[in-house]
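Trainee: Take this structure first; my questions come after.
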Amino acid sequence: MNELTEMHQLNTDDQIALRRFRNTLRLAGGGYIVFGIWSIMKFLMMITMQQKYMEMMFDLSDTMADTGMNATVGDIIFIIVISLFVVGIHLWIGLGAVRYAQGSGGKRSHLVLAILGVIITIVQLPLYFYDPVQKIIQDVDMTTIASIMVDITLIFLFFDMIISTIQIDKLIRSTAVTDTDTATDKG
Amino acid sequence: MQEDFHYYATYCAAFIAGYTHDESLDIAYSAQFVDLCSRTVLVKLKAPVTAATTQLQLELMDARTDIIGIQDITRIWASFHFLPRDLYAYKEKRPKKYMNKYRLICGPNGDLVKKTVELAKDRPLQSIGIAMHVLADTWAHMNFAGTPSLVINNASNFCELIQTEIADGNGTVSGDETASYEEIPLTFRHSPSAPDDLDGHLYTNSLLQRDETSIMNLGHGRAGHLPDYSFIRYRYMPAWDDYRLTEKDNPSDYYRAFTQMVYAMRYLHGDLESFEVDRYDQDTVAPYEDRIRGILIKRQLVANDDWKAFGEELSGEEIPGFDLDRYQDEYMSASDDDRDDTFIGGFVQGAIAHKTMVSNEIFESGNKLAGFVQKL
Amino acid sequence: MTKLQRIKEIAFGLIMTAYAVLLFVTPEKSFPAIVAVLSLIYTVRGISTIIYYFTMARYMTDGRSILYKGVILLDFGLLTSVLTNVPHIYVLLYLLIMHAFSGAVEILRAQEAAKYGGAWKLKMFHGIVDLLLALTCIIFIRQQSIAVIVFAVGLVYSAILRIVSACRRTKLIYIQ
């Protein structure tokens, strides 16, 4: 069939690759935000509904009582601050990635943080199995396996972010590619 | 496609192909009836429900999406509205489960189109109408599959292509390849009751459901009514095409559908010895080309009036509006032995024959999505 | 459906019914079992979503989102299995929202069916039953056993649908 516009230019290997990497980066950014929100929800569920974590909270409260602080208020403030910090980091990286994918943000700060993120996640994986402080092998139950899976997925997500960002840069700089892929439907 | 093409345009094509006014009406009625012959209607008529050629929104809402439900849905939609282009298509490194759905992608000029038209040969006019509906829909609904599938039927990156100038300066309204186009991003909303806003480029589509077998992922729901508007040209990215963009030129596709229908009906009328795919009767339609293209590119939700006027000019006769109830009394008052001789009886037989043929072809290709088929 | 699939569906339906009967008999002690079942449902959903990603969704544009969804569902399902102190009110709220939503949808569908002359009475009945279950959750929100009973009713309903579906005849098309 006849082309209406210069479709053959929109479907070159480089253009297809650019589209693929932009999509992957956008999804990785959005996914990272969702994982951040989920990690906070998980944390809250664990400290409110799991016995050993609730006991840890009470222990913590006893310590803080010695300093004269109101333990319950202190705990809540601590949780809020930590949650906001975690969500903030995820939003910063995630939105940065999404904006870069859409071609509307120039900075690549998400790239540096993604590299840091993948290193930290890989380094902390063995800690699921071995506690270096107490020098004991940890019990691995189903929830640990699930957490490991989440972390492995995060590693892939970070790699997606890193590789996609680098490839997008490379493709845009290449003379063969003009960034004509501007169509986005809303909804 | 909508009533404007399935009823009125099919009438015009039938008349141009050599059928009389009354014959053209019967063909056109049957073509349009395919979009309305649901289980609900058949139960009311006490007709065999296996003849259902569509499912109403209500029926789809209630349809179960377990394996039997999926087979029911696929049998209807793949047979009558999304005829598969290539049941033996190959794509690298894809598992069988994926390929079963990929192979149901609709498109024109596949083997099944030839079988559809040949099946209608020497059969009543109702079968011709059914065949013309199916043939026409292969042009409008291409790149979507008649089975609920997120991985096949999802689509994104829509933009409309508005022709900004016509290079030859003769006022030719065809999709001239030297014309230039402006890209306008489309906005979709999920409001089935609100009509599409053509001027505001605001259209309705189905809600994104990340569930493989959700009814929202059946057919071209994710593209809304865009495939059914003859005037629209647009670009989008289908989920199955590895990040390639696809252009859809409806005015051009609909014109090809029209000329192919004329060619098919001339064969069915006995004027031609055979029907081959990828052939179009441009010569017979040539005197009317400008008129037809003018109707096709006119920016309107429904083109009934224009096609009706054209048809009445062709035949000199009045074309009545489509009336769903027209033949129902005849069928319901007939005795059991005489029902097959009524208009709806003929349609029912034609629908069952066509559905059987397509389901068998899908089953023979090793794909059980349309259910199990046993030969007598 | 093949014979094996039918047998599996019927067996699953019968197990669900038996489990629901157990819940009815000892509602006070069965609350942890509800949480266990919900955990199992989400774990299975997570695993099947991840399998779906690797078999189908990774070949579509935006397919990665399915993987992320699957991993989070799996994590949620497994996490729920170790929670020892889930207040019954959370489960009641979950059941309340589920039944209220599906009840409202069924009633709207029944109204639309009636408008077009289709069968609507059974749909309306289902919708009303769902809303009544949601109302029960609200009225008896302080009682842990209500969560168990409402959950068991839902389980029986799903089991019946499964068994009925498994007994439906597979259509055979005959070439004439």
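Trainee: Looking at (1) more than 14 Å from chain A (Cβ to nearest Cβ); (2) assigned to a helix (DSSP H, G or I); (3) among the charged types (D, E, K, R), which is the one condition that is false for residue B:276?
Mentor: Of (1) more than 14 Å from chain A (Cβ to nearest Cβ); (2) assigned to a helix (DSSP H, G or I); (3) among the charged types (D, E, K, R), only one is false for residue B:276: (2).
Trainee: Let me ask you something else. Condition first: within 11 Å of chain C (Cβ to nearest Cβ) and at pLDDT 90 or above. Now tell me which residues in the range B:50-69 satisfy that.
Mentor: B:50
Trainee: If I go through the range B:15-40 residue by residue, how many of them are touching a residue at least 24 places away in the same chain (Cβ under 8 Å), surrounded by fewer than 20 Cβ atoms within 10 Å (Cβ to Cβ) and over 16 Å from the mean Cα position of the chain (by Cα)?
Mentor: Number of matching residues: 3.
Trainee: If the requirement is being under 16 Å from residue B:149 (Cα atoms) and more than 13 Å from every other protein chain (Cβ to nearest Cβ), which of these qualifies: B:207, B:218? Give the derivation first.
Mentor: Details: B:207 fails: more than 13 Å from every other protein chain (Cβ to nearest Cβ).
Among B:207, B:218, only B:218 is under 16 Å from residue B:149 (Cα atoms) and more than 13 Å from every other protein chain (Cβ to nearest Cβ).
Trainee: Just to be sure I understand, how many residues within the range C:12-32 are touching a residue at least 24 places away in the same chain (Cβ under 8 Å) and closer than 15 Å to residue C:144 by Cβ?
Mentor: Residues in the range C:12-32 being touching a residue at least 24 places away in the same chain (Cβ under 8 Å) and closer than 15 Å to residue C:144 by Cβ: 6 in total.
Trainee: Okay, moving on. Could you list all residues from the range C:28-58 that are in contact with a helix residue (DSSP H, G or I) (Cβ under 6 Å, 6 or more places away or on another chain) and of a type in the set (Phe, Trp, Tyr)?
Mentor: C:31, C:42, C:53
Trainee: Could you list, in sequence order, all residues of the range B:90-113 that are surrounded by fewer than 16 Cβ atoms within 10 Å (Cβ to Cβ) and closer than 26 Å to residue B:253 by Cα?
Mentor: Passing the criteria: B:90, B:91, B:111.
Trainee: Could you tell me whether residue C:133 is more than 14 Å from chain A (Cβ to nearest Cβ), surrounded by 20 or more Cβ atoms within 10 Å (Cβ to Cβ) and either touching a Gly at 6+ places or on another chain (Cβ under 6 Å) or of a type outside the set (Lys, Arg) (or both)? First the steps, then the outcome.
Mentor: Working: more than 14 Å from chain A (Cβ to nearest Cβ): yes; surrounded by 20 or more Cβ atoms within 10 Å (Cβ to Cβ): yes; either touching a Gly at 6+ places or on another chain (Cβ under 6 Å) or of a type outside the set (Lys, Arg) (or both): yes.
So residue C:133 fits the description; yes.
Trainee: Among the residues that make up the range C:76-83, is at least one of them at pLDDT below 80, touching a helix residue (DSSP H, G or I) at 6+ places or on another chain (Cβ under 9 Å), within 14 Å of chain A (Cβ to nearest Cβ) and surrounded by 14 or more Cβ atoms within 10 Å (Cβ to Cβ)?
Mentor: yes
Trainee: Please go through the range B:236-257 and give me each residue that is of a type outside the set (A, V, I, L, M) and more than 14 Å from chain C (Cβ to nearest Cβ), ordered by number. Can you show your working first?
Mentor: Quick first cut of the range B:236-257, residues of a type outside the set (A, V, I, L, M) only: B:236, B:238, B:240-244, B:246-256.
Listed by number, the residues that qualify are B:247, B:248, B:249, B:250, B:251, B:252, B:253, B:254, B:255, B:256.
Trainee: OK, next. Being in contact with a Lys or Arg (Cβ under 7 Å, 6 or more places away or on another chain) and over 30 Å from residue B:149 (Cβ atoms) is true for just one of C:133, C:83, C:96, C:79. Which residue is that?
Mentor: Going through C:133, C:83, C:96, C:79 in turn, the sole match is C:79.
Trainee: Can we say residue B:277 is within 15 Å of residue B:254 (Cα to Cα) and surrounded by 12 or more Cβ atoms within 10 Å (Cβ to Cβ)? Please lay out each step first, then the result.
Mentor: Working: within 15 Å of residue B:254 (Cα to Cα): no; surrounded by 12 or more Cβ atoms within 10 Å (Cβ to Cβ): yes.
So residue B:277 fails the test.
Trainee: Then there's this: Of the conditions (1) more than 30 Å from residue B:38 (Cα to Cα); (2) surrounded by 14 or more Cβ atoms within 10 Å (Cβ to Cβ), residue B:290 clears all except one; give me its number.
Mentor: Residue B:290 satisfies all of (1) more than 30 Å from residue B:38 (Cα to Cα); (2) surrounded by 14 or more Cβ atoms within 10 Å (Cβ to Cβ) except (2).
Trainee: Still on this structure: Does residue C:39 satisfy the criteria of being within 11 Å of chain B (Cβ to nearest Cβ), surrounded by fewer than 21 Cβ atoms within 10 Å (Cβ to Cβ) and part of a helix (DSSP H, G or I)? It would help to see each step written out before you state the result.
Mentor: Numbers: within 11 Å of chain B (Cβ to nearest Cβ): no; surrounded by fewer than 21 Cβ atoms within 10 Å (Cβ to Cβ): yes; part of a helix (DSSP H, G or I): yes.
For residue C:39, the condition - within 11 Å of chain B (Cβ to nearest Cβ), surrounded by fewer than 21 Cβ atoms within 10 Å (Cβ to Cβ) and part of a helix (DSSP H, G or I) - is not met.
Trainee: So which residues in the range B:114-124 are crowded, with 24+ Cβ neighbours inside 10 Å and either over 16 Å from residue B:75 (Cα atoms) or free of Cβ contacts under 8 Å to residues at least 12 places away in the same chain (or both), if there are any at all?
Mentor: Within the range B:114-124, B:117, B:120 qualify.
Trainee: Of a type in the set (Lys, Arg) and within 14 Å of chain C (Cβ to nearest Cβ), is that true of residue B:91? Steps first, please.
Mentor: Numbers: of a type in the set (Lys, Arg): yes; within 14 Å of chain C (Cβ to nearest Cβ): yes.
Judged against the criteria, residue B:91 is a match.
Trainee: Also, I was wondering about something else. Restricting to the range B:319-331, what's the tally of residues that are acidic (Asp, Glu) and surrounded by 10 or more Cβ atoms within 10 Å (Cβ to Cβ)? Give the steps one after another, and end with the answer.
Mentor: Filtering the range B:319-331 for residues acidic (Asp, Glu) gives B:323, B:325, B:329-330.
Going one step further and asking which of them are surrounded by 10 or more Cβ atoms within 10 Å (Cβ to Cβ), we end up with B:329-330.
The qualifying residues number 2.
Trainee: So if I check each of A:32, A:53, which one is among the hydroxyl-bearing types (Ser, Thr, Tyr), modelled with pLDDT of 90 or more and in a helix (DSSP H, G or I)? Full working, then the answer.
Mentor: Numbers: A:53 fails: modelled with pLDDT of 90 or more.
The unique qualifying residue is A:32.
Trainee: Select from the range B:39-48 the residues that are in contact with a helix residue (DSSP H, G or I) (Cβ under 7 Å, 6 or more places away or on another chain) and facing chain C (nearest Cβ under 10 Å) and write down the one among them that is nearest to residue B:331 (Cα to Cα).
Mentor: Checked the range B:39-48; the qualifying residue nearest to residue B:331 (Cα to Cα) is B:43.
Trainee: Check off (1) in a loop (DSSP other than H, G, I, E, B); (2) under 11 Å from the mean Cα position of the chain (by Cα) for residue A:134 and give me the number that stays unchecked.
Mentor: Just one mismatch for residue A:134, condition (2).
Trainee: Hey, another quick one. Might you let me know whether the range C:47-56 holds any residue that is among the hydrophobic types (A, V, I, L, M, F, W, C), out of contact with any Asp or Glu (no Cβ under 8 Å at 6 or more places or on another chain) and more than 12 Å from chain A (Cβ to nearest Cβ)? Break it down stepwise before answering.
Mentor: Start the filter on the range C:47-56 by keeping residues that are among the hydrophobic types (A, V, I, L, M, F, W, C), which leaves C:47, C:50-51, C:54, C:56.
Of the ones still in play, those that are also out of contact with any Asp or Glu (no Cβ under 8 Å at 6 or more places or on another chain) are C:47, C:50-51, C:54.
Filter once more, so that each one left must be more than 12 Å from chain A (Cβ to nearest Cβ): C:51, C:54.
Yes: the range C:47-56 contains one or more residues that are among the hydrophobic types (A, V, I, L, M, F, W, C), out of contact with any Asp or Glu (no Cβ under 8 Å at 6 or more places or on another chain) and more than 12 Å from chain A (Cβ to nearest Cβ).
Trainee: Also: Considering (1) surrounded by 22 or more Cβ atoms within 10 Å (Cβ to Cβ); (2) within 17 Å of residue B:130 (Cβ to Cβ), say which one residue B:12 fails and leave the rest.
Mentor: Of everything listed in (1) surrounded by 22 or more Cβ atoms within 10 Å (Cβ to Cβ); (2) within 17 Å of residue B:130 (Cβ to Cβ), residue B:12 misses just condition (2).
Trainee: Since residue B:78 meets every condition but one in (1) away from every other protein chain (no Cβ under 11 Å); (2) part of a loop (DSSP other than H, G, I, E, B), which condition does it not meet?
Mentor: Unmet for residue B:78, out of (1) away from every other protein chain (no Cβ under 11 Å); (2) part of a loop (DSSP other than H, G, I, E, B): (2).
Trainee: Still on this structure, I have one more. Kindly indicate whether residue B:250 is surrounded by 14 or more Cβ atoms within 10 Å (Cβ to Cβ), out of contact with any Asp or Glu (no Cβ under 6 Å at 6 or more places or on another chain), at pLDDT 90 or above and among the polar types (S, T, N, Q).
Mentor: yes
Trainee: A follow-up question, please. Scan B:305, B:283, B:337, B:325 and give me the residue that is assigned to a loop (DSSP other than H, G, I, E, B), more than 14 Å from chain C (Cβ to nearest Cβ), without any contact (Cβ under 8 Å) to a residue 12 or more places away in the chain and at negative phi. If you could, list the steps in order and put the result at the bottom.
Mentor: Numbers: B:305 fails: assigned to a loop (DSSP other than H, G, I, E, B); B:283 fails: assigned to a loop (DSSP other than H, G, I, E, B); B:325 fails: more than 14 Å from chain C (Cβ to nearest Cβ).
The unique qualifying residue is B:337.
Trainee: Related question: Name the residue, out of B:334, B:370, B:257, B:303, that is surrounded by 14 or more Cβ atoms within 10 Å (Cβ to Cβ), under 18 Å from the mean Cα position of the chain (by Cα) and closer than 24 Å to residue B:123 by Cβ. Walk me through it before giving the result.
Mentor: Working: B:334 fails: under 18 Å from the mean Cα position of the chain (by Cα); B:370 fails: under 18 Å from the mean Cα position of the chain (by Cα); B:303 fails: closer than 24 Å to residue B:123 by Cβ.
Unique residue meeting the criteria: B:257.
Trainee: Picking from C:60, C:98, C:124, which residue would you name as being closer than 30 Å to residue A:19 by Cβ and either within 14 Å of chain A (Cβ to nearest Cβ) or surrounded by fewer than 20 Cβ atoms within 10 Å (Cβ to Cβ) (or both)?
Mentor: On the way: C:98 fails: closer than 30 Å to residue A:19 by Cβ; C:124 fails: closer than 30 Å to residue A:19 by Cβ.
Only one candidate qualifies: C:60.
The values are calculated or read from the model by the stated rules, or taken from the named source; none is laboratory data. In this text the structure is predicted, and so the values were computed from the model without any measurement. Neighbour counts run over all protein chains shown; Cβ positions are idealised from the backbone, glycine included.
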